[in-house]
1. Among the residues that make up region 212-222, is at least one of them in a loop (DSSP other than H, G, I, E, B), within 24 Å of the chain's Cα centre (by Cα) and free of Cβ contacts under 8 Å to residues at least 40 places away in the same chain?
2. Would you point out the residue of region 236-251, among those that are without any contact (Cβ under 8 Å) to a residue 40 or more places away in the chain and of a type in the set (D, E), that is surrounded by the fewest Cβ atoms within 10 Å (Cβ to Cβ)?
3. Can we say A37 is among the aliphatic types (A, V, I, L, M), part of a helix (DSSP H, G or I) and under 25 Å from T127 (Cβ atoms)?
4. Could you tell me whether region 23-31 includes any residue that is in a helix (DSSP H, G or I) and not hydrophobic (A, V, I, L, M, F, W, C)?
5. Among the candidates L97, L93, L147, L122, single out the residue that is in contact with a Ser or Thr (Cβ under 7 Å, 6 or more places away or on another chain) and at pLDDT 95 or above.
6. Being within 24 Å of Q17 (Cβ to Cβ) and within 18 Å of the chain's Cα centre (by Cα) narrows it down to one of L194, L244, L234, L190, so name that one.
7. Could you look through region 39-88, keep only residues that are under 19 Å from the mean Cα position of the chain (by Cα) and surrounded by fewer than 16 Cβ atoms within 10 Å (Cβ to Cβ), and pick out the one that is nearest to S13 (Cα to Cα)?
8. So which of A8, A16, A20 is in contact with a helix residue (DSSP H, G or I) (Cβ under 8 Å, 6 or more places away or on another chain), buried (at least 22 other Cβ atoms within 10 Å of the Cβ), part of a loop (DSSP other than H, G, I, E, B) and in the same structural domain as I144 (by TED's automatic domain parsing)?
Amino acid sequence: MKIGIVGAGQMGSGIAQVAAQSGCEVTMVDAQADWAAKGKSRVDGQLEKLVQKGKLPAEERARIIARIATAEGFGALKECGLVVEAATENQELKKKLFSELDKVVKPGAILASNTSSISITLLGAQTKRPEKVIGMHFMNPVPIMKLVEVVRGLATDDATYHTVIELGKKFGKTMVTAKDIPGFIVNRLLIPFLNEACFALSESLGSIEDIDQGIKLGLNHPMGPFELADLIGLDTCLAISEVLHNELGDDKYRPAPLLRQYVAAGWNGRKAGRGFYKYG
C-alpha cells in the first residue's frame, strides 16, 4: 500500500520512517516543499545513526530513503491507499485538512489522523467517507515507541479498522483500541499527570529536578514529568489539556496556569530550546 503523510515534523517524519522501513512507498507532504525535504533529511539522519551503531546496513539505509518521496500540497497523495495526517494538534486546522484531503485522495482510500485528543467522529464528518476515517495515534519518538492507539469514530467501518490494525503490525507496532473519547487511553491518563506536576511546581512542592527524580526513582519511570513534557512540547500538552477540559467539562482537567505561562513565553520544550529545562 502506498502511504501518504501530511506534515513533515517530528511525528510525520517518524511515521514516514517506520512505514518506509516496513517496505511501503511513502509520500510526505507539507505546506512548503522545503519543509517536506527537511523532514526527509531528519529521517536520513536517524537512519545514519543506526548505520554508525552497526544496527542497519548502509545499503538498506539507501533503500529506505529511496522509498520516501516529498512534495508540496495534496496533489501528490491522490493515489495513496492510506493518508496519515500528522499536523499540529489544532482542531480547526485538522477539520480543514480532512475536508481538503477528502476531495483529493482517491475514493475508498483511508484517511487517518495522528491526533492525540481530537474526535475522530468530528474529523470524519468533514468528509464524504466517514466510514474510512480512523485515528492512528503514534507515540513519540515514533521509530522507538512500540505503541499505536487505534481510534474508531462512530462511522468507522470494520474493513478500515482491520486494515489499519494489520498495517500497524507490519510497522512492528503493538496496537491498542480506544474509544473516541477525548484523550483516548494514553493522554487521558498522561496529560492530567503532567498538568498536576505543573501545579506541584507552582506550589513549590519541589524543584523541577527533585520532582523529576522523585518520579523516575519512586515510580520507575524512564523520564520525569518535566522531561517528558519538554519532549512532547508544552504547546501540545496545553492543547490536549484544553480539549480534555472543554470536552469533558471537569475541572480536574483544567490547564495549570504555569503551563499556560510557559507556552505564552514561547518556552515550548526541546523544539524551542527552552522549556522546563534549557537545551543547547
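The values are calculated or read from the model by the stated rules, or taken from the named source; none is laboratory data. Predicted model, so just to flag it, every value in this text is computed and none were measured. So basically every Cβ, Gly included, is an ideal-geometry build from the backbone, and we count neighbours across all protein chains shown.
1. Yes, region 212-222 has at least one match.
2. The residue in question is D251.
3. Judged against the criteria, A37 is not a match.
4. No, because not a single residue in region 23-31 is in a helix (DSSP H, G or I) and not hydrophobic (A, V, I, L, M, F, W, C).
5. L147
6. Step by step, each of L194, L244, L234, L190 is checked, and only L190 is within 24 Å of Q17 (Cβ to Cβ) and within 18 Å of the chain's Cα centre (by Cα).
7. Per the criteria, the residue is S41.
8. So the residue among A8, A16, A20 that is in contact with a helix residue (DSSP H, G or I) (Cβ under 8 Å, 6 or more places away or on another chain), buried (at least 22 other Cβ atoms within 10 Å of the Cβ), part of a loop (DSSP other than H, G, I, E, B) and in the same structural domain as I144 (by TED's automatic domain parsing) is A8.
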